[in-house]
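Inspection log for the structure reproduced underneath, given as structure tokens.
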Amino acid sequence: MKTDIISKHAIIDRAPAEIYMMFSDMRNFVQFIPADKREGIRADFDNIYANVQGFDLGVTVAARQPYSRIDFKDNGGPFPFSMSLFFSATPEADPAKTDFHIELSAELNIMMKMLLGSKLQDALNKVVDGLQAVSEGRMPEGVSAEDIEKYKSEFGL
């Protein structure tokens, strides 16, 4: 059964090109994962592979539309899915800010939908909230001050 989940929108205090570049290389995703959870994660420019709660999961970049959208698709996992990250101009047309959101489409059987549906929605919203917090110089939930400083220096923020 196809399940579509759309995250909340948030205004990110960075230009769309900056946010796009951060997400366009899958190796950057590893840096966002806490060090104690990185074991078994492999990444290259287009792919990332991990074992998440006993499930082998692979994600591949399916398409890149520079500075506006990145599409991902599963490359092995418990269910087929695709995900898109959107980097849009803000309603105020401020070139230094981005309207960001995530869309996920997954083929979930009824049991998986009951188990994962709300957790997937929460996870997408948490990513959006975390990115917004970092762009505003705030601490995202579950991230230490040391992690923030590392991310800022690695991405020139």
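Computed from the coordinates by the stated procedures, all read-outs in this text should not be read as laboratory data. This one's a predicted model, so the numbers in the text were calculated from it and none came from an experiment. Reconstructed Cβ throughout: ideal geometry from the backbone, glycine too, with neighbour counts over all protein chains shown.
Convex hull over the Cα atoms of the stretch 42-86, averaged projected area in nm²?
Mean shadow area of the hull around the Cα atoms is 3.3 nm².
Taking a quarter of the surface of the convex hull around the Cα atoms of the stretch 2-155, what do you get in nm²?
9.0
How would you rank GLU18, GLU146, going from fewest to most other Cβ atoms within 10 Å of each one's own Cβ?
Fewest-to-most Cβ neighbours within 10 Å comes out as GLU146, GLU18.
Which entries in LYS73/LYS150; LYS37/LYS97; LYS119/LYS150; LYS2/LYS97; LYS73/LYS119; LYS2/LYS37 show an alpha-carbon gap greater than 26 Å? Let's see the in-between values first.
Numbers: LYS73/LYS150 28 Å; LYS37/LYS97 31 Å; LYS119/LYS150 28 Å; LYS2/LYS97 33 Å; LYS73/LYS119 19 Å; LYS2/LYS37 30 Å.
Going by Cα-Cα distance, LYS73/LYS150; LYS37/LYS97; LYS119/LYS150; LYS2/LYS97; LYS2/LYS37 fall outside the 26 Å limit.
If I require 20 Å or longer along the helix axis, counting alpha carbons, and a Kyte-Doolittle average no lower than 0.5, what helices from the chain are left? Use full DSSP H segments. Working shown, then result.
Details: long enough: 110-135 (37 Å, 0.53).
Once both thresholds are applied, what remains is 110-135.
For ILE41, project a label point 7 Å along Cα to C-beta. Then give me every residue of the stretch 5-33 with its amide nitrogen under 16 Å of that point.
The answer is 22-33.
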